[in-house]
1. Identify the single condition in (1) open to solvent by 10 Å² or more (accessible area, probe 1.4 Å); (2) modelled with pLDDT of 85 or more; (3) in contact with a strand residue (DSSP E or B) (Cβ under 9 Å, 6 or more places away or on another chain) that Ile175 does not satisfy, given that it satisfies every other one.
2. Within the range 280-296, does at least one residue satisfy the condition of being in contact with a helix residue (DSSP H, G or I) (Cβ under 9 Å, 6 or more places away or on another chain), at pLDDT below 85 and not basic (Lys, Arg)?
3. Identify the single condition in (1) at pLDDT below 95; (2) open to solvent by 50 Å² or more (accessible area, probe 1.4 Å); (3) not small (Gly, Ala, Ser) that Lys343 does not satisfy, given that it satisfies every other one.
4. In the range 232-263, what residues are open to solvent by 50 Å² or more (accessible area, probe 1.4 Å) and closer than 22 Å to Lys170 by Cβ?
5. Just to be sure I understand, how many residues within the range 380-396 are at pLDDT below 95 and more than 23 Å from Leu249 (Cβ to Cβ)?
6. Hey, can you tell me all the residues within the range 297-326 that are in contact with a helix residue (DSSP H, G or I) (Cβ under 7 Å, 6 or more places away or on another chain), in contact (Cβ under 8 Å) with a residue 60 or more places away in the chain and not in a helix (DSSP H, G or I)?
7. Take the conditions aromatic (Phe, Trp, Tyr) and modelled with pLDDT of 85 or more and apply them to Trp257. Does it pass?
8. Of the conditions (1) open to solvent by 40 Å² or more (accessible area, probe 1.4 Å); (2) in contact with a strand residue (DSSP E or B) (Cβ under 8 Å, 6 or more places away or on another chain), Glu207 clears all except one; give me its number.
Amino acid sequence: MPQVPSPKSSLQINAMELLFKMYESIPKGSSFRETTEKPEHASPSDDLLPKGMSFFRHSHAGVSYHGLACETSMDCMAADCEPKSPASPASPTLVHCAHGFGASSLSFANLMKAAKERPLKDGTPSAWVAHDVFGFGFTATDNCDKDEADPEADPVDSFKSLLPLESNGKAAVSICKSLAQGTEEPANAVFIGHSMGAISALCSASEWLETGHTVDGVVLIAPAINTATMKNPNPNNFTGALTPAVRSLFDVAKVFWGMVPAPVRRTSMASALKIGVSLDFFWNLGLRFALGWHQEPHPETVEQYKCPMTKADWAPWLVAFIEANVLRSPSDPVTEALPLQQKIQQLLDAQVKILVVHDPTDTFTPLNNSEDLAEAFDNKVLLEVVELDAGHLVHETDPGQLLDLLEKHGICV
């Protein structure tokens with residue numbers, strides 16, 4: 001006997017129809033429509049590209065990863081540094097940066113710029129890269145066309161396995177391997193991760209070691225990791241490590257996800273996201289919150305966060321990322337990965353330096369998470385508490401201070 005839809009489910013569907021119509025009801029020519037109807041671009045504007053840096057694309061498993069790259073120069077040498085012999089040039093240290101939720105590779109532009117301008121201490125240059133996590137920025141599939149054999153199929157479903165943060169760590173390793181081609185000796189790398197990117201950085205470092213290369217250090221900036229989440233069989237779900245205020249937003253998304261009928265979940269959430277991020281106050285308020293209410297976001301920073309809106313079909317892929325990493329239960333193993341706790345222990349056993357940097361004014365990930373993380377490993381995980389009133393974005397506001405800390409702990413970048 002066919003089931004009759006309950007009044008509740010009918011109300012849910014009507015609510016979704018209302019959401020779909022909200023955008024269309026906004027008059028043409030309004031500032032809101034002008035913001036949401038920007039021309040589509042395949043990469044950020046060159047105006048956002050700092051001098052001496054370049055954008056790159058790297059294909060891995062059917063995805064074209066977009067990112068930012070630069071190399072520190074042998075011309076920028078410390079006065080007391082002996083230059084390397086031209087006959088045997090030094091292989092650069094590879095430095096990979098993994099960004100946090102809502103950001104892109106451009107969030108590391110200030111840190112890369114500071115590293116490029118910094119005198120080299122040991123004569124070894126560094127090759128810096130940061131890529132947009134699949135679901136953010138300008139990373140996109142190589143071919144997102146509909147399947148002619150099944151035109152009703154959602155292209156997102158073909159790439160589900162590449163959306164978890166652990167898979168993003170594998171993409172970072174693939175990028176670093178491409179940079180290390182032609183290197184006779186094992187390539188040395190440093191992996192830096194911010195917020196949820198800390199999970200990717202740990203996964204990348206662990207896999208880099210397994211490939212026979214060396215890891216000089218792992219740097220976790222305001223990591224979205226705590227003693228509970230690092231023990232979960234699903235290492236990709238980071239929401240449990242966030243402050244209650246931020247975690248409640250993801251909890252609302254989970255409720256919303258459960259209420260919406262399955263056939264329209266992705267499209268309805270994508271519509272909601274597009275409406276939200278199209279408002280200027282969303283970015284100014286969000287970045288002020290990320291900065292701990294102590295600073296106003298720089299206009300260039302706002303543009304760096306807003307620019308992914310100009311990429312075609314960015315919202316459905318962001319929804320797919322949220323579905324893969326946030327909406328699953330933290331105890332639901334979506335991969336065969338080891339829990340983060342075991343990855344950290346493996347790195348420590350291999351004498352890899354792990355440095356955590358945290359500002360106590362952080363409004364996204366509480367400082368006590370990092371304190372507990374260091375204590376859980378008998379302080380072999382190093383913790384630096386920096387009182388810079390930078391909130392959650394130390395690497396963006398105070399890149400020089402961060403580089404000083406890396407140098408202090410012998411992490412060469």
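The values are calculated or read from the model by the stated rules, or taken from the named source; none is laboratory data. The shown structure was predicted, so the numbers you read here are calculated from the model rather than taken from an experiment. Quick reminder, even Gly has a Cβ in these numbers, built from the backbone with ideal geometry, and neighbours come from all protein chains shown. Accessible surface areas use protein heavy atoms only, side chains included; no ligands, DNA or RNA. Shrake-Rupley method; radii C 1.70, N 1.55, O 1.52, S 1.80 Å.
1. Evaluating Ile175 over (1) open to solvent by 10 Å² or more (accessible area, probe 1.4 Å); (2) modelled with pLDDT of 85 or more; (3) in contact with a strand residue (DSSP E or B) (Cβ under 9 Å, 6 or more places away or on another chain) leaves (1) as the failure.
2. Yes, the range 280-296 contains a residue that is in contact with a helix residue (DSSP H, G or I) (Cβ under 9 Å, 6 or more places away or on another chain), at pLDDT below 85 and not basic (Lys, Arg).
3. It is condition (2) that Lys343 fails.
4. Matches in the range 232-263: Pro233 only.
5. Residues that pass the stated criteria total 3.
6. Within the range 297-326, Val326 is the sole residue that qualifies.
7. Here the answer is no, as Trp257 does not meet what is asked.
8. The number of the failed condition is (2).
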